[in-house]
Amino acid sequence: MVLRQRLQLILYTLLLFGFWLDLFWNLPIFDMLLGWLAFGCVVISFSGSRRLFQGFSLFFVIGATMISLQEGKTWVDHISHWTSNALLLALLYVLPFITNMVVVGRYDQSIKRLMQTRIQHLGQAYIRTSFAGYILCIFLFFAAIPLVYRVVKKQLIHINEQVRHSFASRAILRAFALATIWSPIEVFIAITLGFTGVGFGQLLPWLLLFSISLLLLDWFLGVVRYRSVRVEQRGDVTMQPRDWKRIVALVVGLTLLILLNLGVQQVTGIPFFAAMTLSIVPFAACWAWVSGRFASFIRYCRLRWTSQTLGLQNFMLLFLSLGFFNESLTASSWFSYLQSPVTMLAQFPLMLFLILQLSSLVLTFVGIHPLVTIGIQGVLIQPLLTELNPLSLAIVLLTANLATDAAGTFNTTVTMMSDLTRNNPYRITGWNLGFALLYGGIGVALALLLL
C-alpha cells in the first residue's frame with residue numbers, strides 16, 4: 001500500500017475518534033487540534049479525488065479564505081470551522097459495517113429470490129423489483145442498484161431492451177428515493193436535522209407516511225403501465241421459509257437500530273445521528289453474533305475495511321471544504337445580505353418551498369451535486385427557523401434534494417443507472433422527471449399542511 005493511502009487510513013480513523021471524544025469532551029484546544037486534523041484529511045484526499053469534487057473543494061476553500069481576510073481574520077483563526085461536518089463523515093465511516101452484515105447474513109440473496117418467484121406479467125415484476133430495491137437501499141445504499149439491476153436483466157432478458165431499461169430505471173431509482181427519505185442511516189437526514197434542529201423522532205412519522213403512500217401510488221402506476229407485458233418464468237425459483245425469516249429479520253433489525261439510537265439520544269443528550277455513529281458497529285457485531293455469523297462478519301469486515309475507508313476520500317474533500325465555507329460565511333457580515341431575499345420569502349411560504357424544490361432539481365441537471373445544494377440551502381434558511389415551522393423546512397429540504405435520486409441527471413444514482421443500461425443520463429431523467437416533480441410537490445403540500 002502506498003504511503004498516501006496509509007496516511008488516509010490513519011487520518012480518517014483519527015478524525016472519527018476525535019469526533020467521538022469531542023462529543024463528551026468539548027474543549028477549545030481540542031477543537032483546534034481536531035480542525036488541523038480535518039485540514040490534513042482534506043490535503044491528503046485532494047490528489048486522489050474526482051475532478052468534480054476537487055473543483056468544488058477549491059471553490060469553497062478559496063471563497064472561505066477571501067471571506068476571512070475581508071473580515072480581518074486570518075485563515076488560522078477559523079481552523080475549527082473545518083470540523084463542522086465531522087458528524088457526516090463519522091456516519092459514512094461506520095455505515096459499511098451494516099452493509100457488511102447484510103451481505104454476510106445473505107439477506108440480499110433472499111430478497112433477490114423474492115424478485116424471481118411466480119412472476120406472470122411486468123406489472124407484478126415492477127412491484128417485486130421496487131420492493132427489493134426499497135429494502136436493500138435502506139441497508140446497502142448505492143450497492144443495491146447494480147445488485148437489483150443484474151437480477152432484472154437476467155429475469156427479463158426476453159423483454160425489449162428499451163422497455164427493460166425504462167422499467168429498471170423507474171422501479172429501482174424511485175424505490176431508492178422513497179427508501180432513503182426516512183432511512184436512519186441517510187446522510188441527507190443528518191444534514192437536515194443539523195440545519196433545522198428538528199429531532200429524528202419528530203420527523204420520522206411524517207417521512208414514513210410520505211414514503212409508504214408514494215410507494216403504493218407508484219406501484220399502482222407501475223402495474224397500470226406494465227401489466228400488458230407478459231413475463232416468461234425462467235427457472236424454478238421459490239421462496240424458502242428461511243428467506244421469509246431473513247426479510248423479517250431485516251425489518252426487525254432496522255426497527256431495533258432506530259429504537260436503540262433513540263434510547264442513546266435520551267440517555268446521553270447527544271444528537272440522534274451522533275448516537276448512530278457510536279452504536280452501528282457494536283449493533284452490527286451483536287446482530288452477527290445472534291445470527292451465528294460473527295466469525296464471517298469479522299473476516300469480511302477485515303477484508304473490506306481498507307477499500308471502504310479509502311472510498312471516503314471524495315466525501316472527505318467535499319464535506320470538510322463545504323463545512324469550512326458555510327461556517328466562515330455564517331460568521332461574516334456578508335451573511336445578512338445573502339439572507340435578506342430569503343427572509344422576505346417567509347411571507348410567501350409556498351413560493352419559498354417551490355423555489356427550494358425546483359432549484360435542487362435544476363442544479364443537478366447542470367452537474368451541481370445535491371450535497372452542495374442542501375449545504376447552501378441549509379445555511380440560507382437559518383433566519384426562517386423562527387418564522388416558519390422547522391419541521392416544514394426539514395421536509396422541504398429532504399424532499400427537494402432526495403427527489404434527485406430518481407431524476408437528477410448528474411446525481412450518483414442516475415449516473416450509475418446510465419452506466420448499467422448504457423443510456424444517456426438525460427433519458428433516464430426523462431423517464432423519472434414526472435415522478436420527481438410529484439415527489440417534490442407532495443413534499444411541498446405536506447410542509448404547508450404542517451406550517
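Summary of computed values
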{"item": "Per-bin percent of Cα-Cα distances, the stretch 30-71 [10 Å]", "result": "26, 45, 28, 1"}
{"item": "Net charge, P370 excluded, C-beta distance under 14 Å - Lys, Arg +1, Asp, Glu -1", "result": "-2"}
{"item": "Non-local Lys pairs in the chain, i.e. 8 or more apart or on different chains, that have alpha carbons under 26 Å apart", "result": "4"}
{"item": "D_trans [Stokes-Einstein, Kirkwood Rh over alpha-carbon pairs] for the chain, 4 °C, 1.567 mPa s, µm² s⁻¹", "result": "56"}
{"item": "Of all accessible heavy-atom area on the chain, the percent that carbon and sulfur account for (1.4 Å)", "result": "66"}
{"item": "Long-range amide H partners of H121 with built H, under 5 Å", "result": "V231"}
{"item": "Rounded accessible area of L95 (nearest 10 Å², 1.4 Å probe)", "result": "20"}
{"item": "Rounded, prolate or oblate (a/c below 1.5 giving rounded, otherwise prolate when a/b exceeds b/c) for the stretch 183-277 by Cα gyration tensor", "result": "oblate"}
{"item": "Whole-number accessible area per residue in Å² for the chain, which is evaluated in the context of all protein chains at 1.4 Å", "result": "43"}
{"item": "Protection proxy ranking of 191-197, 268-274, 340-346 - average other beta-carbon atoms within 10 Å, highest first", "result": "191-197, 268-274, 340-346"}
{"item": "Nearest-20 debye value, the stretch 84-156 charge dipole, Cβ charges on Lys, Arg, Asp, Glu", "result": "380"}
{"item": "P(r) histogram, all alpha-carbon pairs of the stretch 224-373 included - 10 Å bins from 0, percent", "result": "8, 16, 25, 25, 18, 7, 1"}
{"item": "Neighbourhood net charge (11 Å Cβ-Cβ; Lys/Arg +1, Asp/Glu -1) for Q124", "result": "+4"}
{"item": "Three-way shape call for the stretch 331-370 based on the alpha-carbon gyration tensor, with the a/c threshold at 1.5", "result": "oblate"}
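The values are calculated or read from the model by the stated rules, or taken from the named source; none is laboratory data. Keep in mind it's a predicted model, so treat the numbers as computed, not measured. No Cβ is skipped: glycine too gets one built from the backbone with ideal geometry, and neighbour counts run over all protein chains shown. The area values use the complete protein model at the heavy-atom level, side chains included, leaving out ligands, DNA and RNA. Shrake-Rupley method; radii C 1.70, N 1.55, O 1.52, S 1.80 Å.
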